[in-house]
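Worksheet for the structure shown next.
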Amino acid sequence: MPTTDVHTDDHTDARTALTDDDRVFLARPLHGFLSVAGGPVPPQPRPVWFEATDDGTVQLFTGPESLHIRRRRKDPRASIVVAAPVEERERWVAVEGLTTVETDGAHALAQRLAQRYWDLDDPTRAADLAAILAEDQVRLVIHPERVRRLMF
């Protein structure tokens, strides 16, 4: 039985904000699949690291001239879908909304996410993070207009 507040036939509910349960789920080291509206049709999602923030946005870091940013210039809409691993009960959260590009805080975000996803005691991973931090980065921030989820 889904544990969402609004039940529909396909076990999803739509809101404009992340719930506390969503935030707990999204705090795990899971990959999100990002689609930006300015891309090809059909969309071609890309796996990304992400962070759900206390203010209800979802953010990721990327280079200032990355494909995400270039496509976003054509259309600022984006979506991210995050799913539980296959060995768990089916669960996913999808966030859709307009994006902004923020020039501050990208390196701090990269550091936090690297700590979540990687063992930074591994010299290879530590070097990978150093390479990321040596490059210019921006934060791509999704401001939710619609949040859908499936939970069993």
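The values are calculated or read from the model by the stated rules, or taken from the named source; none is laboratory data. Quick caveat, the model's predicted, so the values are computed rather than measured. Backbone-built Cβ (ideal geometry, glycine too); neighbour counts: all protein chains shown. The protein model used for the area step is the full one, side chains on, heavy atoms only, and it has no ligands, DNA or RNA in it. Shrake-Rupley method; radii C 1.70, N 1.55, O 1.52, S 1.80 Å.
When the dipole is taken about the Cα centre of the chain, and only Lys, Arg (+1) and Asp, Glu (-1) are charged at their Cβ, what size is it in debye, to the nearest 20?
On the way: 19 positive and 25 negative charges, 109 e Å.
Magnitude of the dipole: close to 520 debye.
What order do you get for 117-125, 16-24, 60-68 when each peptide is scored by the mean count of other beta carbon atoms within 10 Å, highest first?
60-68, 16-24, 117-125
With +1 on the Cβ of every Lys and Arg and -1 on the Cβ of every Asp and Glu, and nothing else charged, how large is the dipole of the stretch 68-149 about its Cα centre, in debye rounded to the nearest 20? Walk me through the intermediate numbers first.
Numbers: 15 positive and 14 negative charges, 124 e Å.
Once rounded to the nearest 20, the dipole reads 600 debye.
Extent of the chain along each principal axis, from alpha carbon coordinates, in Å, largest to smallest?
Sorted from largest, the Cα extents of the chain read 48, 38, 28 Å.
How would 101, 41 rank on accessible area, largest to smallest, probe 1.4 Å?
41, 101
Just to confirm the number: angle between the C-alpha axis of helix 106-117 and the first principal axis of the chain, 0 to 90 degrees, nearest 10?
Computed tilt is about 70 degrees.
Between 0 and 90 degrees, rounded to the nearest ten: what's the tilt of helix 123-134 against the longest Cα principal axis of the chain?
Helix 123-134 sits at roughly 80 degrees to that axis.
Specify which residue in the list 94, 38, 143 is farthest towards the positive end of the charge dipole of the chain, using unit charges on the beta carbon of Lys, Arg (+1) and Asp, Glu (-1), about the Cα centre.
Comparing the listed Cα positions along the dipole, 38 ranks first.
Let me know the shape class of the stretch 35-123, please: from the alpha-carbon gyration tensor, a ≥ b ≥ c as square roots of the eigenvalues, rounded when a/c is under 1.5, otherwise prolate if a/b is greater than b/c, or oblate.
Oblate.
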